[in-house]
Amino acid sequence: MRYMYQKNPAISKGIDWVMVWLYAILVCIGILCIFSVEFRSSDNLTQTFLGFKKNYSKQLYFFAACSVLAIFILLTDSKLFTAMANLSYLVGILLIIATFVVGKEIKGSRSWIPLGFMNLQPVELCKIFTALALSKYLSQQETDFRRPKSQLIAAAIAFTPAMFSLLQGETGLALVYFSFLIAMYREGLPPGYLIAGASLAVLLVATLLLKPIHLVIAFSAIAGGIIFFSWRRIRRNYALLVFVLLGWAFCVGFVQFAVPFIFKHVLKGYQADRIFSMVGKSNPYADEKTVQLNQVDEKAKKKKEEAQDYNVKQSKIAIGSGGFAGKGFLKGTQTQGDFVPEQHTDFIFTSVGENFGFWGTSILMLLYLFLLLRIVRIAERQRSTFSRVYAYSVAGIIFFHVSVNICVTIGLAPVIGITLPLMSYGGSSLLTFTILLFILIKLDADRQMVLR
């Protein structure tokens, strides 16, 4: 045994076991939460766990398969990830395109490929390929990320899958691809892009709270005030006046034309309804038939709005009912009563809140925080740009998923179908995060190598 261990030291050499244990702990917590949602006292525990009929049974088998895959990744040569980065990205894009032909429609989104034992969501899996392709491009010696051309190419790599995701109706997954901006910023993306993006987000939120005409008046007043108080400087340099007027025109155009286009043509009706219901308003961009129906039948309108808010309301009740210490495992009334829709997937966080209360959710969030900090630490100790970019891409994806999912469950964000990493039920989701993390663990194990 001693001889065999010395002969094959590379199997476990350099592996960050803290990351491996964090992965295993989060997946096990997820299986327990899915179990608490679906298990009933009348069920035979052994049969349901081994029968591949209940979701917690399926998740257990998915975990076993992912564990085998994780070991395979750890035994793989790290150079394979750089060599296959561009090809895998191309395959990912082709798989997304294939869903428009052979895809299966689930919950209004034609973004799944049926495989018999599970449904594969290529846009979910493509996050891995995008992270690898972006890392490959930014690690090339000829790539000067200070040049706008290089920045545009990197943006095209990151956001092309997001465009296809929007066409499939998967707005939530499309937004995940913006997490790659974190890796780009670490590699030298000018902060002006992030400031501009944040400003657009603030502007979009403002359009939800205020009427367009009020925003136009506010923009005009702000522009007029800037011109009035800066007139002396403007007289010396008329470029400032042009800059202010262009800014005013852009803001007005965004409010008057871009926002209506987004809510009418980019987002689906139910998605726009959810966003406006979050701020207590009906969708002003709904089609004429919907508006007429609402005007004719106010009672139906009220029922529709209540239905849109039902998920979040039940989620809040479940989390709030847990109190500080929780009701106890398998004792949650909301969880056992099937009151929260999609509780085993997008709303899995509610089972933690009801069963284990404030302390349970706090520990879970600390685990995710520890995982993110560990990934950042791993990123900063890499010699290779490829490995560093990939690590920050993984951190950005996990941060986006965790923050948005939890915000959705407590009513701070609209319901957009974002899973909780390693915990939500689903083969595609667990497979994606397993591959993402274990490629990172393998790259870190070989961090003395310089990969390109």
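Observations, loosely collected:
- Only residues that are of a type in the set (Gly, Ala, Ser) and within 22 Å of the chain's Cα centre (by Cα) were counted in segment 71-97, giving 3.
- Within the set Val389, Val376, Val352, the sole residue that is within 17 Å of Phe438 (Cα to Cα) and buried (at least 20 other Cβ atoms within 10 Å of the Cβ) turns out to be Val389.
- Top-ranked residue of segment 291-329 - restricted to ones that are at pLDDT 50 or above and of a type in the set (S, T, N, Q), ranked as surrounded by the most Cβ atoms within 10 Å (Cβ to Cβ): Ser315
- The conditions of being surrounded by fewer than 23 Cβ atoms within 10 Å (Cβ to Cβ) and within 15 Å of the chain's Cα centre (by Cα) are met by Tyr368.
- Ala183, sole failed condition from (1) outside the structural domain of Thr385 (by TED's automatic domain parsing); (2) under 32 Å from the mean Cα position of the chain (by Cα): (1)
- Neighbours by Cβ (under 7 Å, 6+ apart or cross-chain): first from segment 48-63, in the same structural domain as Gly427 (by TED's automatic domain parsing); second at pLDDT below 75 and hydrophobic (A, V, I, L, M, F, W, C): Ser57/Phe49; Ser57/Leu50; Lys58/Phe52; Leu60/Phe49; Tyr61/Phe52
- Residues in segment 50-73 that are more than 22 Å from Leu420 (Cα to Cα), modelled with pLDDT under 90 and assigned to a helix (DSSP H, G or I): Leu50 alone.
- Restricting Gly247, Gly188 to residues that are of a type outside the set (A, V, I, L, M, F, W, C), over 30 Å from Val415 (Cβ atoms) and not in a helix (DSSP H, G or I) narrows the list to Gly188.
- Test: Phe159 is without any contact (Cβ under 8 Å) to a residue 40 or more places away in the chain and over 24 Å from Gln382 (Cβ atoms): yes
To keep it simple, each residue is scored yes or no on (1) closer than 27 Å to Ser384 by Cα; (2) of a type in the set (Val, Ile, Thr).
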| residue | (1), (2) |
| --- | --- |
| Val101 | no, yes |
| Cys126 | yes, no |
| Tyr137 | yes, no |
| Arg146 | yes, no |
| Ala155 | yes, no |
| Thr160 | yes, yes |
| Phe164 | no, no |
| Gly192 | yes, no |
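- Single match in Gly396, Gly360 (criterion: of a type outside the set (Val, Ile, Thr), within 19 Å of Ser179 (Cβ to Cβ) and either out of contact with any Asp or Glu (no Cβ under 7 Å at 6 or more places or on another chain) or outside the structural domain of Val27 (by TED's automatic domain parsing) (or both)): Gly396
- Contacts under 6 angstrom Cβ, first residue in segment 232-243 being modelled with pLDDT under 80, partner of a type outside the set (S, T, N, Q), 6 or more apart: Ile234/Leu240; Ile234/Leu241
- In segment 7-19, the qualifying residues are those that are part of a helix (DSSP H, G or I) and surrounded by fewer than 16 Cβ atoms within 10 Å (Cβ to Cβ), and the one that is modelled with the lowest pLDDT is Lys7.
- Considering segment 250-285, and only residues there that are among the hydrophobic types (A, V, I, L, M, F, W, C) and not in a helix (DSSP H, G or I), the residue that is modelled with the lowest pLDDT turns out to be Val279.
- Assessment of segment 34-44 against the conditions (in contact with a helix residue (DSSP H, G or I) (Cβ under 9 Å, 6 or more places away or on another chain), touching a residue at least 24 places away in the same chain (Cβ under 8 Å) and loosely packed, with under 13 Cβ neighbours inside 10 Å) yields at least one matching residue.
- Annotation for segment 173-181: at least one member residue is closer than 20 Å to Val394 by Cα and free of Cβ contacts under 8 Å to residues at least 60 places away in the same chain.
The values are calculated or read from the model by the stated rules, or taken from the named source; none is laboratory data. Predicted, not measured: the structure shown is a model, and the values here were computed from it. Positions of Cβ are backbone-derived with ideal geometry, glycine not excepted, and every protein chain shown enters the neighbour counts.
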